[in-house]
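K.L.:
Sharing a structure here in structure tokens format.
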Amino acid sequence: MVTDWIAGVITALGPWFTAFFLLCIFSFTYKENPWFRFAEATYLGVATAYTIGFNLDWLLSQWRTIWSLTSTKIILFSLALLVGLLWYFRFSKKYFWLYRIPLSVAVGTYIGLSLRTMVFAQFLHQIRATFIPLVAKTPP
């Protein structure tokens, strides 16, 4: 009963919040003002919270379905999580050097993938093309 009432109130207030934030955002066309800053900060906060929640939910579902099955996968998942957390040391002056570890892993991975693609695209197909006979053999 109460949840239906709350859902009805949220459904009724949704368009009003939308109109309010739309007017706050469009007030920037006049000049920058506190209403625009409020709407901008609210948008960024809600978008960040939604992204973090969505990604944590995805991470938890991956852990439950794939990574928690064997001890090797648990170690690999923990290592990947540790490397992912090292990205946040970019914001620390004292431990900035730790940020270079995941950066070098990412750069090395992408360079390796692009080199593999270039080898297949440029060299191996040309080498295979040299083995194709110039004159097709016709059956007798």
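Computed from the coordinates by the stated procedures, all read-outs in this text should not be read as laboratory data. Worth saying up front: this structure is predicted, and the values here are computed from it rather than measured. When we count neighbours, we look across all protein chains shown, and the Cβ atoms used for this are built from the backbone with ideal geometry, even at glycine.
K.L.:
On alpha-carbon atoms, Rg over Rh for region 1-69 using Kirkwood Rh?
P.N.:
Ratio of gyration radius to Kirkwood radius: 1.21.
K.L.:
With percent of Cα pairs over 20 Å apart in mind, check [x] 76; [y] 66; [z] 58 and report the label derived from this structure.
P.N.:
Recomputing percent of Cα pairs over 20 Å apart here gives the entry labelled [x].
K.L.:
Among Ala19, Ile66, Ser104, which residue has its Cα furthest toward the positive end of the charge dipole of the chain, with +1 on Lys/Arg Cβ and -1 on Asp/Glu Cβ?
P.N.:
Ser104
K.L.:
Hey, what angle do you get for helix 34-62 against the long axis of the chain, alpha-carbon based, 0 to 90 degrees rounded to 10?
P.N.:
In the chain, helix 34-62 runs at an angle near 50 degrees to the longest axis.
K.L.:
Given springs between every Cα pair under 10 Å in a Gaussian network model of the chain, which of Ile25, Ile127, Ile52 has the largest fluctuation?
P.N.:
Checking each option, the largest mean-square fluctuation is seen for Ile127.
K.L.:
Using only the alpha-carbon atoms, how far is helix 96-118 inclined from the longest principal axis of the chain? Give it as 0 to 90 degrees, nearest 10.
P.N.:
Once rounded, the angle reads 50 degrees.
K.L.:
Once both axes come from the Cα atoms, what is the angle between helix 71-86 and the longest principal axis of the chain, in degrees from 0 to 90, rounded to 10?
P.N.:
60 degrees
K.L.:
Still on this structure, please answer the following. For the chain, what does -39500 (n - 2.57) per DSSP helix run (n ≥ 4), summed and divided by total residues, give at 222 nm, in deg cm²/dmol to the nearest 500?
P.N.:
The helix-only estimate for the chain comes to -24500 deg cm²/dmol at 222 nm.
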